[in-house]
1. Within region 33-49, how many residues are in a helix (DSSP H, G or I) and either surrounded by 13 or more Cβ atoms within 10 Å (Cβ to Cβ) or in contact with a helix residue (DSSP H, G or I) (Cβ under 6 Å, 6 or more places away or on another chain) (or both)?
2. In region 50-63, is there at least one residue being outside any loop (DSSP other than H, G, I, E, B), at pLDDT 95 or above, loosely packed, with under 13 Cβ neighbours inside 10 Å and more than 9 Å from the chain's Cα centre (by Cα)?
3. Can you work out which of the residues in region 10-23 that are within 18 Å of residue 49 (Cα to Cα) and in contact (Cβ under 8 Å) with a residue 12 or more places away in the chain is surrounded by the most Cβ atoms within 10 Å (Cβ to Cβ)?
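The values are calculated or read from the model by the stated rules, or taken from the named source; none is laboratory data. Keep in mind it's a predicted model, so treat the numbers as computed, not measured. Cβ placement follows ideal geometry from the backbone for every residue including glycine, while neighbour counts extend to all protein chains displayed.
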């Protein structure tokens, strides 16, 4: 099975966030997605720059839908 494309990773990230009613910690979301840190942070930063997600507070940071 081929590894998902970057675009598919972005869609998966956003789909996981849509299930949440409040900000979610980066560690918890990364664990839920089952991704390595480099993969998670690459998608995370791209979506932040695109304005699709917002940074939040917390020890490890958090994200929410824009």
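1. So the answer is 10.
2. no
3. 13
Okay, residues lined up against (1) touching a strand residue (DSSP E or B) at 6+ places or on another chain (Cβ under 6 Å); (2) within 17 Å of residue 11 (Cα to Cα):
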position: 25; (1), (2): yes, no
position: 28; (1), (2): no, no
position: 32; (1), (2): no, yes
position: 44; (1), (2): no, yes
position: 50; (1), (2): no, yes
position: 53; (1), (2): yes, yes
position: 56; (1), (2): yes, no
position: 59; (1), (2): no, no
